[in-house]
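See below for the structure under consideration.
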Amino acid sequence: LVMWDAVTCTRIKRLTGHQNIVNACCASRDPNQALLVSVSDDRTIRVWDTRKRAVAFSCKDDYQLTAVTFNENADQVIVGGIENVLKVYDLRKNKVLYTMPGHFDTITGLSLSPDGNFVLSNAMDNSCK
């Protein structure tokens, strides 16, 4: 992952760790947390502490991951990929809390609602849920 200054177009930081293509990343909503989450074709979820330029949390899924977002408090991440299911990982417990099926093809995007109560997913099945 590379972080860029949008105003000056200069590279700020480089975060190295994934072993394959990075498909999506998302910053935590609280800028004081300085957290970034990324998912990759290497089937890993990595939560980065951007101040330390290091991985704060990492786990491996069974399938390639193509979309990710934090929850409101950044203590959970929601991921989707070629399995066509959303999974909610609890970062404190290091496990999947629950899954949300419904798509019939690869999930390509996730977005948390402004109030943090809903997640919008879109997929290659031409649907949003």
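The values are calculated or read from the model by the stated rules, or taken from the named source; none is laboratory data. Bear in mind the structure is a predicted one, so any value in this text is a computation, not a measurement. Reconstructed Cβ throughout: ideal geometry from the backbone, glycine too, with neighbour counts over all protein chains shown. Just the protein is used for accessible areas: all its heavy atoms, side chains included, with ligands, DNA and RNA removed. Shrake-Rupley method; radii C 1.70, N 1.55, O 1.52, S 1.80 Å.
GNM on the chain, alpha-carbon springs under 10 angstrom: the most fluctuating residue among GLN76, GLN64, GLN33 is GLN33. Exposure check, 1.4 Å probe, all protein chains in place: PHE118 carries approximately 140 Å² of accessible surface.
The residues of the chain have, on average, 57 Å² of accessible surface per residue, using a 1.4 Å probe with all protein chains present. When only alpha carbons of the chain are considered, Rg and Dmax amount to 14.2, 42 Å. For a straight C-alpha distance cut-off of 20 angstrom, the lysines reachable from LYS93 (same-chain residues fewer than eight places away being disregarded) are LYS60.
Calculate the FRET efficiency for CYS59 and CYS128 from the Cβ-Cβ distance with a Förster distance of 30 Å, rounded to the nearest 0.05.
FRET efficiency, CYS59 to CYS128: 0.65.
The calculated pair-distance distribution of the stretch 55-129 uses every alpha carbon pair, bins of 5 angstrom beginning at 0, and gives 3, 17, 29, 25, 18, 6, 1 percent.
Over the stretch 1-41, what per residue volume does the convex hull of the Cα atoms give, in whole Å³?
In the stretch 1-41, the Cα hull volume divided by residue count equals 84 Å³.
When the accessible area of the stretch 1-54 is computed with all protein chains present and a 1.4 Å probe, what percentage of it is carbon and sulfur? Please report the intermediate quantities before stating the final value.
Working: 1680 of 3320 Å².
Ligands and nucleic acids excluded, carbon and sulfur give 51 percent.
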